[in-house]
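Novice: Have a look at the structure that comes next, please.
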Amino acid sequence: MKETEISKHTISVLVDNESGVLARVIGLFSGRGYNIESLTVAEVDANSHQSRITVVTSGTPMVIEQIKAQLSRLVPVHKVSDLTLAGPSVERELALIKVIATGERRVESLRIADIFKARAVDATNNSFVYEIIGNPEKIDAFIKLMEPLGLSEISRTGVAAISRGTLTM
Amino acid sequence: MAERILNGSEVVLQALADQGVEVVFGYPGGAVLPLYDEIFKQNRIRHVLVRHEQAAVHAAEGYARSTGKVGVVLVTSGPGATNAVTGLTDALMDSIPVVCLTGQVPTHLIGNDAFQEADTTGITRPCTKHNYLVKDSDKLARTMHEAFHVASSGRPGPVVIDLPKDILVGKAPYLEPSQVQHRTYNPVVKGDRGQIEEALEMLASAEKPILYCGGGVINSGQQACKLLAEFTRITGIPITLTLMGLGAYPASDKQHLGMLGMHGTYEANMAMHDCDVMFAIGARFDDRVTGNLDFFSPGSQKVQIDIDQSSINKNVPVDIGIVGDVGHVLEDMIKIWKAKQYKIDANALDGWWKEIEGWREKRCLSYKQPKDVIKPQHVIRRVHELTRDRKTYITTDVGQHQMWAAQHFGFEHPYEWMTSGGLGTMGYGMPAALGVQVAHPDATVVCFTGDASIMMNIQECSTLTQYRLPVKTVILNNRYMGMVRQWQQLLHGSRYSESYSESLPDFVKLSEAFGFTGLTCSNPADLDDAIKQMLEIDGPVILDVAVDDKENCYPMIPSGKPHNEMLLGQETNGDEAIDSDEGMVLV
């Protein structure tokens, strides 16, 4: 890969679930001018109070290496794994999408939802809330199709990711 | 072991004692009164009362850097903590181990905009290596011990512990240091053997090798400095030191090329530019060192040894990056070098040294001392000469005087040079000297400063008097913020915007007002006597030396230029405007 080529990486970080840990990670990104495209965090091990942060970022190979090194040296960080480099991984995001429409547009939105395997989790006579799960590109595509059909509100979770196969963090 | 239940303040003091702390630099206030009450009741730990919290941190830095121990600071909540921020940032940039205890409003008031409340952990998160807010008395002792471990191990740095007042008053169990282990934080100290072997092989086949060593060697300790000297000797190759690395290798040794970088020597920078193998040891390719990165040492293979993974490949990509403690890695390097009987080609090395001698002949640091006005460099040289038979520690503020001190005072040993390198904090010098003198009461401690820098923490004169700390402050007084003036002259058409030191105080009267001696000197013929008089006075002294106000600091790599485009003062007769728009936007 060329030194100046910018690529997207999904990085998983295991951290102690203590107060301020998310601020440390976010502060590192903003303070050093790195990019955050998506960030999710939740506790994954209640017994050992560990949380997993998944951050999607982009940069040159040197910048990505810096990001990982900078994350690794934060005191409450247990482990940093670059899922993009580690091998194939699964990335999923959930989105809730509100479409306000009546008549043919309303029906059309239902047809497209069916193709995307999105579920209607709320319905009124003139609206739907669709739940869609998939990789970010799939959700982007769904949103684009909903735009002319009365798309009025979007809530996305950001990406959760894990490596395929037997490999663990 | 049965838990001992104490009150929070007792736990803090006990933990400090068990961590081997002898001195705390601090300033009291409402939120830390319980701690100050506890300090009053004991006599194991000495408290030095500074006059501003920023100075407390710089004093702790001076203490830490001159001893290799952790410096400890105690300040109150709110303004106490915010005043400490500059010092903490300074310690972070220069990797100085400091533990800073800050008071905080009681836990039930946190977030209520209480009197003297500040979000201290929020404010100090980006300027500390780590910080803690202790909300649970059970975690107090553990946090104290952990903080010392984090501050002093790996790449050292400042750690803040924010202590709400109710935690200081309430009951808390005490744990010994041995009962506390950190879950995640365990820095690697041993370097990878395979990489070390590969690096040495590269070095053995080099024709123009150089060692570029920084503050990491000093942080690694006295032993690491000895190992560095041994490695340099057995390989026979040239060595250059960064501003933070001065003293890691004896300045008087013939293999030493002097400091490198923006105001480094011609020979050091040219050798960096032309080398074919570079070993960066405990150095981080700072922009003051590299000049324009696009032209930095273009033909060399680079090896970097650093305990901080994030220092490797940050600014300059290297061929081999070895993560580990400099001391440990040097030990392995020496063993392997000897075991494999490596030797750099004698002819090649000889040719390289001849080239270097050619650069040395430029005598880039030379200056002429006229009869009528004192050259600032001359003051540094004379103080160095006249303190040779004493154990001497030097601190500086920031600016031209700092660079002249780095260039002209020959540092032979580690721990004797305290300066604000990364952050460039004016006001660092006097409080740092104060901390050094507390650590070494019998040594000579000289603070080189400028007429602008000294004003930034001048209140610490009062601390010097109170504790009878005989710090010798030498002001290189040119009536300007000299480095600002120099840049304005070179880059901004000699428009000296706001850089003249208007209304300077009479430093003799000022010293006397604080209760000690002030001296002045403006005649070159009187300089030695003035320095001798200063050194002989048993107490603090400010020596105000009127120096040439037009003198600029050379050699100089202008911002945005590569190493081999240094300006040599004598050659250009100094002071030609630098034609570079690129340089103007850089710092």
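The values are calculated or read from the model by the stated rules, or taken from the named source; none is laboratory data. The shown structure was predicted, so the numbers you read here are calculated from the model rather than taken from an experiment. Here Cβ is always computed from backbone atoms with ideal geometry, including for glycine, and neighbour counts include all displayed protein chains. For the accessible areas, the whole protein counts, side chains as well, though only heavy atoms, and no ligand, DNA or RNA atoms are used. Shrake-Rupley method; radii C 1.70, N 1.55, O 1.52, S 1.80 Å.
Novice: Mind scanning A:Lys68/B:Lys135; B:Lys69/B:Lys335; B:Lys254/B:Lys371; A:Lys68/B:Lys561; B:Lys302/B:Lys335; B:Lys314/B:Lys391 and naming the pairs with a C-alpha gap bigger than 26 Å?
Specialist: Beyond 26 Å: A:Lys68/B:Lys135; B:Lys69/B:Lys335; B:Lys254/B:Lys371; A:Lys68/B:Lys561; B:Lys314/B:Lys391.
Novice: Would you calculate a helix-derived [θ] at 222 nm for chain A, using -39,500 (n - 2.57) for each DSSP H run of n ≥ 4 and dividing by the full residue count, to the nearest 500?
Specialist: -9000 deg cm²/dmol
Novice: A further question follows. Roll a 1.4 Å probe over the protein chains and send me the accessible area per residue for chain B in Å².
Specialist: Accessible area per residue: 38 Å².
Novice: Could you state how much accessible area B:Lys550 has, in square angstrom rounded to the nearest 10, with a 1.4 Å probe and all protein chains kept in place?
Specialist: 120
Novice: Grab the other residues whose beta carbon is less than 10 angstrom from that of B:Thr425, score K and R as +1, D and E as -1, and report the net.
Specialist: -4
Novice: How many partner chain Cβ atoms sit within 10 Å of a residue's Cβ in peptide B:112-125, on average, as a whole number?
Specialist: Mean shielding count: 1.
Novice: Compare A:Ser30, B:Ser494 by solvent-accessible area with a 1.4 Å probe and give them largest first, with all protein chains kept in place.
Specialist: Ranked list, largest accessible area first: A:Ser30, B:Ser494.
Novice: Please give the net charge around B:Val436, taking every other residue with its beta carbon less than 10 angstrom from that of B:Val436, where Lys and Arg add +1 and Asp and Glu add -1. Show your work: numbers first, answer last.
Specialist: Numbers: positive: B:Arg65; negative: B:Glu61, B:Glu416.
So the surrounding residues net to -1.
Novice: Another one. ³J(HN,Hα) across region B:181-198 via Karplus (A = 6.51, B = -1.76, C = 1.60, θ = phi - 60°), whole Hz, x for Gly/Pro?
Specialist: Once θ is set to phi - 60°, the couplings for region B:181-198 become 10, 7, 6, 10, 8, 9, x, 6, 10, 7, x, 5, 5, x, 5, 4, 4, 4 Hz.
Novice: If you line up the Cα atoms of region B:354-435 on their principal axes, what length do they span on each, largest first, in Å?
Specialist: That works out to 41, 36, 29 Å along the principal axes.
Novice: Using a cut-off of under 18 Å, list every residue of region A:89-103 whose amide N is near the label point 7 Å from the Cα of A:Ile143 along the Cα-to-beta-carbon line.
Specialist: A:91-100
Novice: Turning to a different aspect of this structure: Take the alpha-carbon centre of region B:54-77, take the same for region A:6-25, and report the distance between them in whole Å.
Specialist: 31
Novice: In vacuum, with every alpha carbon of region B:259-302 counted as one equal point scatterer, what does the Debye formula give for log10 I(q)/I(0) at q = 0.14 Å⁻¹? Two decimals, please.
Specialist: Normalising to I(0) and taking log10 leaves -0.27.
Novice: If you keep only loop residues by DSSP, which trypsin sites (Lys or Arg not before Pro) in region B:223-268 have at most 15 other Cβ atoms within 10 Å of their Cβ?
Specialist: Passing sites in region B:223-268 are B:Lys254.
Novice: Sorted by accessible area (1.4 Å probe), largest first, how do B:Asp442, B:Asp451 line up?
Specialist: Values: B:Asp442 150, B:Asp451 0 Å².
Most to least solvent-accessible, the answer reads B:Asp442, B:Asp451.
Novice: Within 10 Å of each Cβ of A:66-79, how many other protein chain Cβ atoms are there on average? Numbers along the way, then the final one.
Specialist: On the way: counts 7, 1, 2, 9, 4, 1, 3, 11, 4, 14, 4, 2, 3, 1.
The mean count of partner-chain Cβ atoms within 10 Å per residue comes to 5.
Novice: Which net charge results for the neighbourhood of B:Pro540, defined as the other residues with beta-carbon distances under 12 angstrom from its beta-carbon, given Lys and Arg at +1 and Asp and Glu at -1?
Specialist: -1
Novice: Quick one: which residues, 5+ away or cross-chain, put their amide H under 5 Å from the amide H of B:Val471? H built at 1.01 Å from N.
Specialist: B:Val541
Novice: Then there's this: Looking at region A:19-79, which trypsin sites (Lys or Arg not before Pro) are DSSP coil and have at most 15 other C-beta atoms within 10 Å of their C-beta?
Specialist: Listed in order of number, the matching sites are A:Arg32.
Novice: Let me ask something else. Using bins 10 angstrom wide from zero, how does P(r) for the protein assembly as shown break down, in % of all Cα pairs?
Specialist: 3, 13, 20, 22, 19, 12, 6, 3, 1, 0, 0
Novice: On the Cα set of region B:126-175, report Rg and Dmax in Å, please.
Specialist: Reported Rg and Dmax, both Å: 11.5, 34.
Novice: Taking H as built 1.01 Å from N, whose amide H comes closer than 5 Å to the amide H of B:Leu74, not counting residues under 5 places away?
Specialist: Amide H neighbours of B:Leu74, under 5 Å, 5+ apart: B:Phe25, B:Gly26, B:Tyr27, B:Leu101.
Novice: If you don't mind, another one. Please work out how much length the chain gains when fully extended from B:Asp113 to B:Asp526, using 0.36 nm per residue of separation minus the C-alpha to C-alpha distance, in nm with one decimal.
Specialist: 142.9 nm
Novice: Any idea which of B:His108, B:His273, B:Thr290 is furthest toward the positive side of the dipole for the protein assembly as shown, if Lys and Arg beta-carbons carry +1 and Asp and Glu beta-carbons -1?
Specialist: The residue sitting most towards the positive pole is B:His108.
Novice: Taking the Cα centre of region B:1-42 as the origin, how large is its charge dipole in debye, to the nearest 20, when only Lys and Arg (+1) and Asp and Glu (-1) carry charge on their Cβ atoms?
Specialist: Charge dipole, region B:1-42, about its Cα centre: 60 debye, nearest 20.
Novice: Find how many whole Å separate the alpha carbon centroid of region B:83-97 from the alpha carbon centroid of region B:134-150.
Specialist: Taking the Cα centre of each part, region B:134-150 and region B:83-97 sit 20 Å apart.
Novice: Okay, helix-only estimate at 222 nm for chain B: each DSSP H run of n ≥ 4 adds -39500 (n - 2.57), divide by all residues, round to 500 deg cm²/dmol; what do you get?
Specialist: Result for chain B: -10500 deg cm²/dmol, rounded to the nearest 500.
Novice: Might you work out the accessible area of B:Val585 for me, using a 1.4 Å probe with all protein chains in place, and round it to the nearest 10 Å²?
Specialist: Answer for B:Val585: close to 120 Å² accessible.
Novice: Starting at the first residue of region B:242-252, write each ³J(HN,Hα) from the Karplus equation 6.51 cos²θ - 1.76 cosθ + 1.60 with θ = phi - 60°, in whole Hz, x for Gly and Pro.
Specialist: For region B:242-252, the Karplus-derived couplings read 7, 3, 6, x, 4, x, 5, 9, x, 5, 7 Hz, x marking Gly and Pro.
Novice: Over region A:63-106, what per residue volume does the convex hull of the Cα atoms give, in whole Å³?
Specialist: Convex hull of Cα atoms, per residue: 164 Å³.
Novice: Need one value: the accessible area of B:Met430 in square angstrom, 1.4 angstrom probe, rounded to the nearest 10.
Specialist: That residue has around 0 Å² of solvent-accessible surface.
Novice: I've got another one for you. On average, how many beta carbons from a partner chain sit within 10 Å of the beta carbon of a residue in B:308-315?
Specialist: On the way: counts 4, 7, 10, 3, 3, 5, 6, 2.
Shielding by partners across B:308-315 averages 5.
Novice: Report the antiparallel proportion of the DSSP beta bridges in the protein assembly as shown as a percent, rounded to a multiple of 5.
Specialist: Values: 50 of 115 bridges.
Counting DSSP beta bridges with both partners in the protein assembly as shown, the antiparallel share is about 45 percent.
Novice: For region B:117-218, build the charge dipole from Cβ charges (+1 Lys, Arg; -1 Asp, Glu) around the Cα centre, then report which of B:Val189, B:Leu200, B:Met144 sits farthest towards its positive end.
Specialist: So the residue we want is B:Met144.
Novice: Compare A:Ile112, B:Ile110 by solvent-accessible area with a 1.4 Å probe and give them largest first, with all protein chains kept in place.
Specialist: These residues rank, largest area first, as B:Ile110, A:Ile112.
Novice: At a temperature of 4 °C and a viscosity of 1.567 mPa s, determine how fast chain B diffuses translationally according to Stokes-Einstein, using the Kirkwood radius over alpha-carbon pairs as Rh; express D in µm²/s, rounded to the nearest whole number. Write out the running numbers ahead of the final one.
Specialist: Numbers: Rh = 24.9 Å.
For these conditions, the coefficient is 52 µm²/s.
Novice: I want to check the label-to-label distance for B:Thr517 and B:Ala346. Put each point 7 Å from Cα in the C-beta direction and report it in nm to one decimal.
Specialist: Simple spin-label model gives 5.6 nm for this pair.
Novice: Skipping prolines and chain starts, which residues have an amide H placed within reach, meaning under 5 Å, of the one on B:Tyr393, given they are 5 or more residues away or on another chain?
Specialist: Here B:Thr444, B:Val445, B:Val446 satisfy the definition.
Novice: Applying the Karplus parametrisation 6.51 cos²θ - 1.76 cosθ + 1.60 with θ = phi - 60° to the phi angles of region B:199-211, what ³J(HN,Hα) value in whole Hz is obtained for each residue in order, glycine and proline being reported as x?
Specialist: 5, 5, 4, 4, 5, 5, 9, 6, 10, 9, x, 8, 9
Novice: Could you state the orientation-averaged shadow area of the convex hull built on the Cα atoms of region B:500-567, in nm² to one decimal?
Specialist: 7.3
Novice: Which trypsin sites (Lys or Arg not before Pro) in region A:99-151 pass both tests, a DSSP loop state and at most 16 other beta-carbon atoms within 10 Å? Walk me through the numbers on the way to the answer.
Specialist: Values: sites: A:Arg105, A:Arg106, A:Arg111, A:Lys117, A:Arg119, A:Lys138, A:Lys144; in loops: A:Lys117.
When the trypsin sites (Lys or Arg not before Pro) of region A:99-151 are filtered for loop state and at most 16 Cβ neighbours within 10 Å, A:Lys117 remain.
Novice: Show me, bin by bin at 5 Å from 0, the whole-percent P(r) of region A:36-146 based on Cα pairs.
Specialist: Histogram of Cα-Cα distances, whole percents per bin: 2, 9, 16, 17, 12, 12, 10, 9, 7, 4, 1, 0.
Novice: Where a ≥ b ≥ c are the square roots of the eigenvalues of the C-alpha gyration tensor, would you call region B:1-129 rounded, which needs a/c under 1.5, or, failing that, prolate if a/b is larger than b/c, or oblate?
Specialist: oblate
Novice: Calculate the radius of gyration of the Cα atoms of region A:16-63 to one decimal place, then report Dmax, the largest Cα-Cα distance, as a whole number, both in Å.
Specialist: Calculated on Cα positions, Rg and Dmax stand at 12.2, 37 Å.
Novice: May I ask for the accessible area buried between chains B and A, both sides summed, probe 1.4 Å, to the nearest 100 Å²? Please list the in-between numbers first.
Specialist: Details: alone 23150 and 9630 Å², together 31320 Å².
Buried surface at the B/A interface: approximately 1500 Å².
Novice: List, largest first, the extents of the alpha carbons of region B:428-497 along their principal axes, each in whole Å.
Specialist: If we take the Cα atoms of region B:428-497, the spans are 47, 20, 15 Å.
Novice: So, one more: Quote the charge dipole size of the protein assembly as shown about the Cα centre in Debye, to the nearest 20; the model charges only the Cβ of Lys and Arg (+1) and of Asp and Glu (-1).
Specialist: My answer is approximately 1160 debye.
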